[in-house]
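So the structure is just underneath, and the comments pick up after that.
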Amino acid sequence: MKITEFNKHFPDEHSCRMDMKVKREKEGISCKKCGKRDHYWLSSLYQWKCKGCGFRMTLRSGTVMHDSKLPLRTWYMCMALMSMTKKAMSAHEMRRQLGMKRYEPVWLMMRKIRKAMGQRDERYTLTDMVEMDEAYFTTATPSGTKLKRGKGSQRKQNVMVMAESVPLENIKTGKKSRQCRFFKMKVLQKGDANSVKGIVKDSIDEKTLVFSDKAKSYVDIAEYVEGHVTVLSSKEATKDTLRWVHTAISNAKRTLLGIYHVIRGENLQLYLDEFCYKLNRRYFGERLFDRVAIAVASSRCKQTD
């Protein structure tokens, strides 16, 4: 959505509230007290009232926007700016675009929107044929830390990257290729086999053929999927068998380091969630803003948010 169209569709707080009402009702609203799904709409208060117990819910209740003091239109403008470009936007630039004085509320708002994106993508599992490999992203370390070299360096965060690919064959030439659909990136707290198996179990459908290199931590993957094919790490494997997963790794590193320079390890998963969410919807065009708003409307609030 272009900024001119955003201002046309959402000129004030009321228009944003009514749009959020429609999106939340489409996703379905459950009473936090009794669990019933039938409600009255109190237009003067912008609240729902449960027909069963009379409990009231606000537009933001239960979502990542819960307890936020910022106007809903500020949230909408932030979602629009985050979805207008393929690349990410820093909180400093977002603060400048929104005309806000303080950095912290903007950073927290963007963090919660990224969390909503991640929650939305958690609903889906990869299937058919999946490429899988690990990547190492550079993260910040406290000053004065004595750094290790190589794979165990404190500056390197291990990330599992998965790409759902579909084999294609040109009928005329017989040339085979692969079309990529969806991606997932998950930070590995530990690079052992148990951590890998947990991510595979949660992210990949059991009726899936997985392609990976011959890393020792992948040896038990076949227990959770239909088939597991391993290839020797080489330039040929990168260009053919694991082509899309390495393309995603390269693009993610270039995007994140180009915007944020150095990322704190505890925030890396949220930035990867935003990258994958937008990458998985790369053909949505101007409809991406609407999908982000739906993700926020259907998000789940946690005590740590």
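The values are calculated or read from the model by the stated rules, or taken from the named source; none is laboratory data. Worth saying up front: this structure is predicted, and the values here are computed from it rather than measured. Using ideal geometry, Cβ is built from the backbone for each residue, glycine included, and neighbour counts are taken over all protein chains shown.
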- By residue number, the members of region 232-250 that are outside any helix (DSSP H, G or I) and either charged (D, E, K, R) or touching a residue at least 40 places away in the same chain (Cβ under 8 Å) (or both) are 240, 241, 242
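Suppose we filter region 285-305 for residues that are assigned to a helix (DSSP H, G or I) and at pLDDT below 90; how many remain?
Total meeting the criteria: 2.
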- Task: Report, by residue number, each residue of region 245-263 that is more than 18 Å from the chain's Cα centre (by Cα) and crowded, with 17+ Cβ neighbours inside 10 Å.
- Result: 246
- Task: State whether the residues of region 264-276 include one that is in the same structural domain as residue 164 (by TED's automatic domain parsing) and surrounded by fewer than 14 Cβ atoms within 10 Å (Cβ to Cβ).
- Result: yes
- Query: Within the bounds of region 18-31, is there any residue that is touching a Gly at 6+ places or on another chain (Cβ under 8 Å), surrounded by 13 or more Cβ atoms within 10 Å (Cβ to Cβ) and closer than 21 Å to residue 298 by Cβ?
  - Reply: yes
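Looking only at region 213-228, how many residues end up being modelled with pLDDT under 90 and in a strand (DSSP E or B)?
Keep residues of region 213-228 that are modelled with pLDDT under 90, which gives 213-223.
This time we only want the ones that are in a strand (DSSP E or B), so: 213.
Total satisfying the criteria: 1.
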- Task: Being in contact (Cβ under 8 Å) with a residue 24 or more places away in the chain and in a loop (DSSP other than H, G, I, E, B) is the filter; apply it to region 15-59 and report the residue that is farthest from residue 109 (Cα to Cα).
- Result: 55
- Take region 209-226 and flag every residue that is surrounded by fewer than 14 Cβ atoms within 10 Å (Cβ to Cβ) and closer than 13 Å to residue 191 by Cβ. 216
- Query: Of (1) among the polar types (S, T, N, Q); (2) closer than 18 Å to residue 273 by Cα; (3) modelled with pLDDT of 95 or more, residue 90 satisfies all except one. Which?
  - Reply: (3)
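Residue-by-condition table, conditions (1) without any contact (Cβ under 8 Å) to a residue 60 or more places away in the chain; (2) in a strand (DSSP E or B); (3) of a type in the set (Asp, Glu):
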{"position": "66", "(1), (2), (3)": "no, no, no"}
{"position": "69", "(1), (2), (3)": "yes, no, no"}
{"position": "76", "(1), (2), (3)": "no, no, no"}
{"position": "111", "(1), (2), (3)": "no, no, no"}
{"position": "120", "(1), (2), (3)": "no, no, no"}
{"position": "128", "(1), (2), (3)": "no, yes, yes"}
{"position": "133", "(1), (2), (3)": "no, yes, yes"}
- Any idea which of 87, 101 is in a loop (DSSP other than H, G, I, E, B), touching a Gly at 6+ places or on another chain (Cβ under 9 Å) and surrounded by fewer than 18 Cβ atoms within 10 Å (Cβ to Cβ)? 87
- Note on the structure: Scanning region 251-284 for residues that are in a helix (DSSP H, G or I) and under 18 Å from residue 180 (Cβ atoms) gives 251, 252, 253, 254, 255, 272, 275, 276, 277, 278, 279, 280
- Item | Pair list, Cβ < 6 Å and 6+ apart or interchain, from region 173-193 residues that are surrounded by fewer than 15 Cβ atoms within 10 Å (Cβ to Cβ) and outside any loop (DSSP other than H, G, I, E, B) to residues that are at pLDDT below 90 and of a type in the set (Asp, Glu) | 176/169
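Would you point out which residue out of 77, 129, 100 is modelled with pLDDT under 95 and farther than 19 Å from residue 275 by Cβ?
Every option except 129 fails the conditions.
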